[in-house]
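Only one structure is covered here, and it is reproduced in the block below.
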Amino acid sequence: MMLAALEILTQANFWAAAIRIATPLIFGVLGALICERAGVLNLGIEGIFVAGAMSGWLAVYSGLPLWGGVAVAAGTGALFGLLHGVLTVPLGLSQHVTGLGITMLATSSTYFGYRVAFPNVSTPPRIEPFPPLHIPFLSELPFIGTVIGQQSAFTVLAFACVGAVAVLLARTPLGLAIRAVGDNPEAVEAQGLSVMGLRIGAVMAGSALMALGGAFLTLSAFNAFYFGMINGRGWVCIALTVFASWRPGKALIGALLFGALDAYQLRIQTIAGGVVPSQVFLMLPYLFSIAALVAVARRADYPRALMKPYFKGQR
Amino acid sequence: MIRFIPRERTPLWLSLAVPVGAGLAALLLTAIPLALAGAPVLRAFSLMAQGAAGSGFALAETLTRATPLIFTGLAAAVAFRARLWNIGGEGQLYAGALAAVAIGAGAITAPSWILLPMVLIGGALAGAALLLVPVLFKTRFGADEVVVTLLMNFVVMLFVQMMLEGPMKDEMALGWPQSAPLVDEAVLPRLFEGLRLHWGLVLAVVAAGLLHVFMSRTVWGFRIRAVGENARAARYAGVPVGASMALVGVLSGGLAGLAGASEVAGLKGYLTADLSPGFGYAGIVVATLANLSPLGVVPSAIFIAGVFVGADSMSRAIGVSNYLADLVVALALLCVLIGGLMTRFRIAIVHREIA
Amino acid sequence: MHSDPSRPDSGSPNSRPLVLSLAGITKRFGALTANNAISLDIHAGEIVALLGENGAGKTTLMSILFGHYVADEGTIHIADATGALVPLPGGSAEAALGAGIGMVHQHFALAENLTGYENIILGTVPLWRPGFGRAAARRKIAGLMRQSGLAVDLDIPVGRLSVGEQQRVEILKALYRDVRVLILDEPTAVLTPQEADGLADTVRRLAASGLAVIFISHKLHEVLALCERIVVLRGGAKVADRPALGASRALLAELMVGRPIPTRQRTAGHPGTSVLRLAEVDVGRPGERDRLTGASLDLRTGEIVGIAGVSGNGQGALAALVAGLQPARAGVVEIAGQAVGSGPRQRLAAGVGRIPEDRHRDGTVGALSVAENYVLETIAAPENQRGGFMKGRAIRERAAAAITAYDIRCPGPDVAIRSLSGGNMQKVVLARVLERAPRLILAHQPTRGLDIGATTDVHRRLLAARDRGAGVLLISEDLDELFALADRIAVIHAGHLSEALPAEGLDVRTVGLMMAGHAGEAA
């Protein structure tokens, strides 16, 4: 049994699953990270995942191409981001409570909308999801080929976003301004830039990424929208953001680590399933997230202006 | 340009008008999705009102639904007052319910005047113990309690499912994952014959009154307020910050645990995994609507309960999804947050005061 | 700035071109007129001091100039590239920056997670342009550093620079934008006297190259040493605009306050028995910036010992130790001859009264009432509670008595303390501390941010407490304050506490050298 437990790690299928599970989290952590780097905690993430999952799926179901669905999801996320941004930045409302409100609003309006569109369906309607990835040469390789063959172009987008966000934050004037506004908004204001514009913009962009995390589930991992399919993934992303100390590279590592753990527990369940109740394994990802958060909490270098509303001319 | 001018004092009428206005605004905004769904908007609202308070029975249903919301609302109010962001009310509720079943479903045989308090206190202690973990993580390691309490909700739900499918499963329930029923001595009596309304409501209202006195009149309530408003200054002045936070954890978790115990002991009689349709999360809305005042929690919980009960009966009548209720609740939360600005600031519209 | 008052010798200001002209600036906030018809002309190469008490209208005027507020009346003109005066559109920081107005605030507007270089170019490059490491920008900054004499490492995060270095980044930031008018808001408050001298040299160089400098300060000797022209605001109006030549400190102080200031004769204390003894005390971990190593001190009843030093050199650790917030890692701490444990409550029980450095952050709970703040430290005492219930009426009555006794201007004991002015808030803290007749008083920057009236009041009460027999540990960055109050003065630098020497035998220069870490030269 020990051997079987170890053997899982050598299976290509396991690694393929790890990446598949990690992909929505990569989007979510990147999104949370951009918001928080600009000084805004976005607890709307859980609901924005739900809204992105359903809106992207619905767009494709109504005839849009898959990438059109991706764009619709991003737009939906940005809209909720705009609402969160307006409430927390110029109005300076509690980021905690507003974020929870956004999650409640996004979730309930999504569920309500879905029920209005499909009042009496017993099995959720399906779409044709993203096809498996095929990369010439790489796909022919034995182990890597299997891993790649179970991903889609949507996964590639996630990895590309890691690079793009990293470059944006580290190497562009815009990234500089975002990092500055999360550390000391006065520094940004004094240089003639708009704190409000930067923060709202960052929250919108971050929320669009979060929504992509949801859309991945309905457009790539599955082919339909289910109630409760997000199931805390958004909250996990908030924990992983602290774990990643707000760095895109570490965010990728954190998401992959989480994906691997989740994939591992799913597999080990089938081995130890008879002895240990399945719920014990299902708890592991949440417990892992809590442990990761507690482990880094002391050293966590929170953006200095995180959750501090800024009002012009008030110093 | 809009300017916010801080108020020194908030007139009482405004503190009362804001939540009422927010509730009405949320209902009005809901007209939009209702219309989009093709429902007759006016009829839907009238059905909601009737369903929530149109008859003695409807009112009793609303108050029954309000009972756990008062408890979770108080749990959120006391925690948020101390800036302890306990979003784990849902998990603590289930922990309380689980403890209630563990004690009251036959494990202990005792007369009602012993067993019933044991069930309730056990539920409260379970909720309190559950919240003490993230409080400890926060005070010892500086771990953000928001995420920890949120994630613990999922852990507790899985634990409850595990217990209901395993050790606590009722073998008589034909394979349904539910617990054995409470013994008669552990059941909270009904208030009126033929209605589901039970003594939990009285307990909840008494708890609100006691919490109000505690927070405003006692030394520990004073300390909690001081820690919540400015923990650094409180620590400087010699207020035991860690103990105050732990006390808040016990109170908040305990109240949320009572919500679960009272639902099991007063309403359901046994535990299932769908005991709470999100009472823990709705408690946050209740508390915010009440501006974190324990006394305000009671009417605020009744309003939210009315929305749920009314929307349920409306959706049965005209076939619109009852997720509408969640939508009203979410909108009410956001509206009261915006309205809260008016209690803290005078809002002046000026010509380019601050660019 | 205690160097010779040598001024850049140029012609009379009027022979130089006008760069900035304010005319009839008026700004009202409700019933309060913060600026009342202020007119001011600034010429190229001029160093103009802007003097005034807190609330005189300096900050409002500069905020209007910088676009944070819009004036209700009046106009601002600024010279354009050709030297012609053009109106400056109000209410836009961007317009002010673009027109060549730069400001270095007292609290730096720097992002600490960015490098100095990144802070400087922030906002000067279009946001969407990829990359920002432009060679031209580097060259320009290097040129500015040479020209102004401002040397600082621009490639490490600003958070790791010292306060003086951060200020240099702030000035470079303004110079990089080709400012023609540079506003310095209390620039020396955070510097040692020697660093302040360096800053003065820089300012003179910049003025010589044609920059107009507005120097906001309340340190009169600095103003007299550096500036050519002095403008004094009082109660929102301009009450003086005169050459520095021929002005005296007494005259300027009188102009600021509007009445003659009685010169106070310092009375000597009467030291008695030891009330606070530190022997070889360490506080804070090695590597922490604000820490204390091997500190020894003997404070007696009936005397005030002043601790001078630039903040961040261990004052925080010393204050935290005495206040009971941080334990000593090594060494002996005795209060009135008794070794006592750490903790705020233990300190209170030992008769220590504590006035924290930051009354908003540590001293008061803004949302609680004046009465509740008044009893914050003593809530568990029998006079404030019985059986865990607060004695609401008794507390309110005693708070009302304190409001009268300490002349606290507020509507009553039930208002939230955050609605009080800084001076009145500090009086509540003082009342709370002094009510218990403490034998040891920790006063950490007790007058920071207070106007002259409130400052005088705090000083009077501290001296009275000393004369009553209390030992006072006064930690201050303000040398004038230390020399006005302290019987003995010690200097703290880089975590080391010097011996406390009688104030009579010390002068500002010596203490300044010790503050900069040159103990040997001072001796």
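The values are calculated or read from the model by the stated rules, or taken from the named source; none is laboratory data. Source: prediction; values computed, not measured. When we count neighbours, we look across all protein chains shown, and the Cβ atoms used for this are built from the backbone with ideal geometry, even at glycine.
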Open item on the list: Against the conditions (1) surrounded by fewer than 23 Cβ atoms within 10 Å (Cβ to Cβ); (2) of a type outside the set (D, E); (3) farther than 23 Å from C:L211 by Cβ; (4) at the interface with chain A (Cβ under 9 Å from one of its Cβ atoms), where does C:A111 fall short? Just the number, please.
Closed with: (1)
Open item on the list: Out of the residues in the stretch A:286-306 meeting the condition of being farther than 24 Å from A:G213 by Cα, at pLDDT 90 or above and aliphatic (A, V, I, L, M), tell me which one is surrounded by the most Cβ atoms within 10 Å (Cβ to Cβ).
Closed with: A:A305
TODO: Output yes when any residue across the stretch A:2-15 is among the small types (G, A, S), touching a Phe, Trp or Tyr at 6+ places or on another chain (Cβ under 9 Å) and within 22 Å of A:V156 (Cα to Cα), and no when none is.
DONE: yes
TODO: Scan the stretch B:153-196 residue by residue and report those that are within 7 Å of chain A (Cβ to nearest Cβ) and among the aliphatic types (A, V, I, L, M).
DONE: B:V155, B:L158, B:M162
Open item on the list: Which of the numbered conditions does A:G56 fail, given that it passes all the others? Conditions: (1) more than 20 Å from A:I238 (Cα to Cα); (2) surrounded by fewer than 24 Cβ atoms within 10 Å (Cβ to Cβ); (3) within 17 Å of the chain's Cα centre (by Cα).
Closed with: (2)
TODO: Within the stretch C:114-167, track down each residue that is within 12 Å of another protein chain (Cβ to nearest Cβ), part of a helix (DSSP H, G or I) and more than 27 Å from C:G309 (Cα to Cα).
DONE: C:Y117, C:E118, C:N119, C:I120, C:I121, C:A137
Task: Every pair of residues 6+ apart whose Cβ atoms lie under 6 Å, when the first sits in the stretch B:71-100 and is under 14 Å from B:L211 (Cα atoms) while the second is among the polar types (S, T, N, Q) and assigned to a helix (DSSP H, G or I) - done: B:A75/B:S252; B:V78/B:S252; B:A79/B:S252
Open item on the list: Condition first: within 23 Å of the chain's Cα centre (by Cα) and under 20 Å from C:A279 (Cα atoms). Can you find one or more residues in the stretch C:475-487 that meet it?
Closed with: yes
Open item on the list: Restricting to the stretch A:183-194, and then to whatever is within 8 Å of chain C (Cβ to nearest Cβ) and in a helix (DSSP H, G or I), can you tell me which residue is nearest to C:W128 (Cα to Cα)?
Closed with: A:V188
Open item on the list: Please count how many residues of the stretch A:107-147 are assigned to a helix (DSSP H, G or I) and at the interface with chain B (Cβ under 8 Å from one of its Cβ atoms).
Closed with: 8
Task: Qualifying positions in the stretch B:336-347 - part of a helix (DSSP H, G or I), within 12 Å of chain A (Cβ to nearest Cβ) and either surrounded by fewer than 24 Cβ atoms within 10 Å (Cβ to Cβ) or aromatic (F, W, Y) (or both) - done: B:L337, B:I338, B:G339, B:G340, B:L341, B:M342, B:R344
Task: Test: residue in the stretch A:290-306 that is closer than 30 Å to C:F29 by Cα, in contact (Cβ under 8 Å) with a residue 12 or more places away in the chain and not in a helix (DSSP H, G or I) - done: yes
Open item on the list: Give me the residue from the stretch C:83-104 that is at pLDDT below 85 and part of a loop (DSSP other than H, G, I, E, B) and, out of that set, nearest to C:K173 (Cα to Cα).
Closed with: C:S92
Task: Residue ID - surrounded by the most Cβ atoms within 10 Å (Cβ to Cβ), chosen from residues in the stretch A:131-149 that are touching a Leu at 6+ places or on another chain (Cβ under 8 Å) and within 21 Å of A:A263 (Cα to Cα) - done: A:I148
TODO: Identify, from the list A:V97, A:V50, A:V40, A:V86, the residue that is in contact with a Lys or Arg (Cβ under 9 Å, 6 or more places away or on another chain) and either closer than 12 Å to A:M204 by Cβ or within 14 Å of chain B (Cβ to nearest Cβ) (or both).
DONE: A:V40
Open item on the list: Quick check on my filter: what residues within the stretch B:304-322 are more than 14 Å from every other protein chain (Cβ to nearest Cβ) and crowded, with 23+ Cβ neighbours inside 10 Å?
Closed with: B:A305, B:G306, B:V309, B:G310
Task: Condition met for C:G309 (within 14 Å of another protein chain (Cβ to nearest Cβ) and crowded, with 22+ Cβ neighbours inside 10 Å) - done: no
- [ ] State yes or no: is B:D170 under 26 Å from A:S278 (Cα atoms) and either at pLDDT below 95 or acidic (D, E) (or both)?
- [x] yes
Open item on the list: Just the residues that are crowded, with 20+ Cβ neighbours inside 10 Å and in contact (Cβ under 8 Å) with a residue 40 or more places away in the chain, please, taken from the stretch C:75-92.
Closed with: C:I76, C:I78, C:A79
- [ ] State whether the residues of the stretch A:276-285 include one that is surrounded by fewer than 20 Cβ atoms within 10 Å (Cβ to Cβ), more than 9 Å from every other protein chain (Cβ to nearest Cβ) and at pLDDT below 85.
- [x] yes
Open item on the list: Can you tell me which residue is surrounded by the most Cβ atoms within 10 Å (Cβ to Cβ) among those in the stretch C:93-108 that are facing another protein chain (nearest Cβ under 8 Å) and aliphatic (A, V, I, L, M)?
Closed with: C:M103
TODO: Test each condition in (1) part of a helix (DSSP H, G or I); (2) out of contact with any Leu (no Cβ under 9 Å at 6 or more places or on another chain) for A:N223 and report the one that comes out false.
DONE: (1)
- [ ] Among the candidates A:I230, A:I253, A:I268, single out the residue that is more than 14 Å from chain B (Cβ to nearest Cβ), in contact (Cβ under 8 Å) with a residue 12 or more places away in the chain and of a type in the set (V, I, T).
- [x] A:I268
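Which of the helices (runs of 4 or more DSSP H) contained wholly in the stretch C:299-397 include at least 3 residues that are in contact with a helix residue (DSSP H, G or I) (Cβ under 8 Å, 6 or more places away or on another chain)?
C:370-374
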- [ ] State the number of residues belonging to the stretch B:114-156 that are under 20 Å from A:F288 (Cα atoms) and of a type in the set (A, V, I, L, M, F, W, C).
- [x] 18
- [ ] Please find, within the stretch B:206-262, the residue that is nearest to B:A79 (Cα to Cα) out of those that are assigned to a helix (DSSP H, G or I) and either among the polar types (S, T, N, Q) or touching a strand residue (DSSP E or B) at 6+ places or on another chain (Cβ under 8 Å) (or both).
- [x] B:S252
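This table checks each residue for (1) assigned by TED's automatic domain parsing to the domain that holds C:R259; (2) at pLDDT 85 or above; (3) among the small types (G, A, S).
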{"residue": "C:G30", "(1), (2), (3)": "yes, no, yes"}
{"residue": "C:A37", "(1), (2), (3)": "yes, yes, yes"}
{"residue": "C:I42", "(1), (2), (3)": "yes, yes, no"}
{"residue": "C:L51", "(1), (2), (3)": "yes, yes, no"}
{"residue": "C:G55", "(1), (2), (3)": "yes, no, yes"}
{"residue": "C:L61", "(1), (2), (3)": "yes, yes, no"}
{"residue": "C:L65", "(1), (2), (3)": "yes, yes, no"}
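Are any of the residues in the stretch C:442-460 farther than 27 Å from C:V257 by Cα and touching a Phe, Trp or Tyr at 6+ places or on another chain (Cβ under 8 Å)? Walk me through how you get there before you give the answer.
Taking the stretch C:442-460 and keeping what is farther than 27 Å from C:V257 by Cα, we get C:442.
Right, trim to touching a Phe, Trp or Tyr at 6+ places or on another chain (Cβ under 8 Å) and you get none.
No, the stretch C:442-460 contains no residue that is farther than 27 Å from C:V257 by Cα and touching a Phe, Trp or Tyr at 6+ places or on another chain (Cβ under 8 Å).
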